Amino acid sequence: MALRDHLGWYKHGKLPHFDCAGLYQSITCRLDDSLPEQAMATIEAEFRTRRIDKTALEIARRKRIEALLDAGHGSCILGQPHNAGLVMDAWRQFDGERYDLIIGVVMPNHMHVLVRVHQGTPLGTMVKTWKTFTSRRFAVDESVGYRPAWQRGYWDRYIRNEAHYADAVRYILFNPVKAGLVTVPAEWPYLVLGRGVDLEIDPPAAPAAPREPED
C-alpha cells in the first residue's frame, strides 16, 4: 500500500476528527435509521440551552446519544449473523497491515472498534473501506421496506493515556451488557478481541449515588 498523508485535525460535516499515524483510535459508526429524528431534535434543543463548557457539553451530549443507540431503534440489521459477520470480517481484512485491531463489537444498529492506526492509512480511508465492504453485502429483511445503510460520517476519539485506553476497551467489551442484550460479554457473539485483550476485565464502575442534601 502506498503511503498517504495524514490530515491532522480536520472537520467532516460538523464533526472534528484527528488523523495521525500511530494513534489508538476509538471509532463508532451507526446505521442511518438508528437514531429517531424527534429524539435527536429534543436532545439538540436541550443542549443548546445548557450553560456548561464546550468539552463537558459534548461529553454529556455523546452519552445521551449512546444511550439512544443502545435502546435499539431502527431496523437493527447488524443484529443478523450475516451482517454482523461482514463487519467483523472487514475489521480483520487489513488487521496488522493498515492498523492493529485491539477490540471491536457489533451492536444491532451500530459498531464500536478500537485500533492502532499505521503510517499511511488515513483515518477516513480506513473507515470508508469498512463501510463500503459491508454495505454492498448487507442482507436486508424485506419487512424493513427500504435498504438501511451506514450514516454518513463517524465518531472517533484518539486515546490520550493508559487510563483512557482501559476505559475504551472496557466500554466496548461491556456495551452489549450495558444495552441489556446479555449478562456477560462472553455471551455476545459479535465481539472481536484483538491484541492484548481478553475477557478477564472488570466491568465499568457503577456511577456514584447522588448525595442527599444536608439539613
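Since every read-out is calculated from the coordinates, none of them should be taken as a lab result. A quick note: this is a predicted structure, and the numbers were derived from the prediction, not measured. Cβ sites come from the backbone with ideal geometry, for glycine too, and all protein chains shown count toward neighbours.
Annotations
- Think of region 127-205 as a dipole: +1 on every Lys or Arg Cβ, -1 on every Asp or Glu Cβ, centred on the Cα centre; then among ILE201, GLN151, LEU191, GLN151 lies furthest on the positive end.
- Of all aspartates and glutamates in the structure, the ones whose alpha carbon falls short of 20 Å from that of LYS178, not counting any fewer than 8 places away in one chain, are GLU66, ASP70, ASP167, GLU187, ASP198, GLU200, ASP202.
- Net dipole in debye of region 44-163 [+1 Lys, Arg Cβ; -1 Asp, Glu Cβ; about Cα centre; nearest 20]: 440 debye
- Applying 0.36 nm per residue to the separation of ALA41 and VAL177 and subtracting their alpha-carbon distance, the gain on full extension is 46.2 nm.
- Top positive-direction residue, dipole computed over region 35-186 with Cβ charges, set PHE174, ALA45, PHE133: ALA45
- Here, region 67-112 yields an orientationally averaged convex hull projection of 3.4 nm² when only Cα atoms define the hull.
- Derived scalar couplings ³J(HN,Hα) [region 179-185; Karplus, 6.51 cos²θ - 1.76 cosθ + 1.60; whole Hz; x for Gly, Pro]: 7, x, 8, 9, 9, 9, x
- One decimal place: the segment ASP167-ALA186 gains 5.0 nm when fully extended, by the rule 0.36 nm per residue minus the C-alpha distance.
- Relative pair counts by distance (%), Cα atoms of region 131-184, 10 Å bins: 18, 26, 40, 13, 2
- When each of the peptides 114-124, 181-191, 99-109, 72-82 is scored by how many other beta carbons lie within 10 Å of its residues on average, the order from highest to lowest is 99-109, 114-124, 72-82, 181-191.
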